[in-house]
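Q: Would you mind keeping the following structure in view while I ask a few things?
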Amino acid sequence: MKKLILALLLITTTSFAGVIDLKDGFNGQSKRHFLKTLKDGKSVVVNFDRPTYVESILLSATGKQRAYSFGKVFADGDEIATLGVPGRDPIYPVIVKGLVSQLTVYATEGSKFKIDSFKIYTGNSGYRSYRSGSFRQSSKFNISVWGEETLAILFELDHLYDISSSADSEMFKNMKKAAMKLAASERVRQGQSLKTLRKAKELVKIIDQAEVILLNNDNLMFSFQADRLLIDLLTVREDILEGYDFD
């Protein structure tokens with residue numbers, strides 16, 4: 001059993017992307033080297049010790065002038081994105097999908113903006129929609145994957161929308177804790193276990209709390225990728241309610 005649990009842990013760990021959050025500094029340089037105000041041709045440069053596969057980057061920036069500010073993102077000297085930064089706090093997901101030795105964010109002439117957050121995703125999470133499974137797993141009920149699925153959904157939401165830095169980050173952290181506890185219980189107990197039931201109820205309660213916040217977020221409501229993830233999260237909740245038959 002211990003060998004089986006270890007194997008499942010390894011599979012789960014390797015399926016997720018690695019994340020470099022530059023607020024923690026990187027490669028011997030502090031966060032001040034990366035999270036700062038850029039203007040008139042200045043840039044922030046991220047150097048890797050060796051070519052690294054980068055799936056995508058996620059930037060958050062605030063314009064520091066009345067007019068729009070503009071920036072560019074380069075991977076090894078090739079332009080991969082243009083940023084239009086208003087005087088608020090937008091989020092910019094930039095797809096890279098390649099081996100990279102250097103990433104650069106550059107402020108064009110006459111522009112001024114502050115980089116508030118900068119995350120680099122160094123692999124593909126391989127997320128597969130929960131809904132794509134056959135009608136299946138919930139009907140088997142002796143072994144479920146609700147905790148693991150919720151963790152995968154939260155990972156993707158953070159990847160795309162930086163929810164760990166949002167005003168509701170505490171709620172998402174609580175959801176992640178509840179999902180981890182449920183996932184651990186699901187790995188070693190039958191679905192009918194009262195211990196697993198209690199953990200499943202706690203996760204449902206937090207998803208209920210999050211539903212109103214998530215469905216009233218304009219960034220999520222006008223994103224096809226978010227549609228898929230939010231439907232998956234709500235489907236996990238409905239599967240739990242159906243599986244255990246409680247309100």
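The values are calculated or read from the model by the stated rules, or taken from the named source; none is laboratory data. What you see is a predicted model, and the numbers here were worked out from it, not measured in a lab. Cβ coordinates were reconstructed from backbone atoms using ideal geometry, including for glycine residues, and neighbour counts include every protein chain displayed. These accessible areas exclude ligands, DNA and RNA; they are computed on the full protein's heavy atoms, side chains included. Shrake-Rupley method; radii C 1.70, N 1.55, O 1.52, S 1.80 Å.
Q: ³J(HN,Hα) across the range 42-48 via Karplus (A = 6.51, B = -1.76, C = 1.60, θ = phi - 60°), whole Hz, x for Gly/Pro?
A: Values per residue, Gly and Pro as x: 7, 8, 10, 10, 10, 10, 9 Hz.
Q: Just read off the accessible area of Thr235 with the full protein assembly in place, 1.4 Å probe, to the nearest 10 Å².
A: 40
Q: Here is a follow-up. Using the Cβ atoms and a cut-off under 12 Å, what net charge is assigned to the surroundings of Ile120, where Lys and Arg are +1 and Asp and Glu are -1?
A: -1
Q: For the range 163-181 and the range 186-209, compute the distance between their C-alpha centroids and round to whole Å.
A: 17
Q: Could you order peptides 27-38, 107-118 by the average number of other Cβ atoms within 10 Å of their residues, highest first?
A: 107-118, 27-38
Q: Tell me which residues come under 5 Å, amide H to amide H, from Val96 once H is placed; ignore anything under 5 positions away on its chain.
A: Ser56, Ile57
Q: Would you please give the residues with an amide H less than 5 Å from that of Ser166, counting only those at least 5 places away or on a separate chain, with H modeled from the backbone geometry?
A: Hits under the 5 Å cutoff: none.
Q: At 7 Å along Cα-to-Cβ for each site, give me the label-to-label distance between Ser43 and Leu215 in nm.
A: 4.6
Q: May I ask you to rank Leu151, Leu229 by accessible area, largest first, using a 1.4 Å probe over the protein chains only?
A: Final ranking, largest accessible area leading: Leu151, Leu229.
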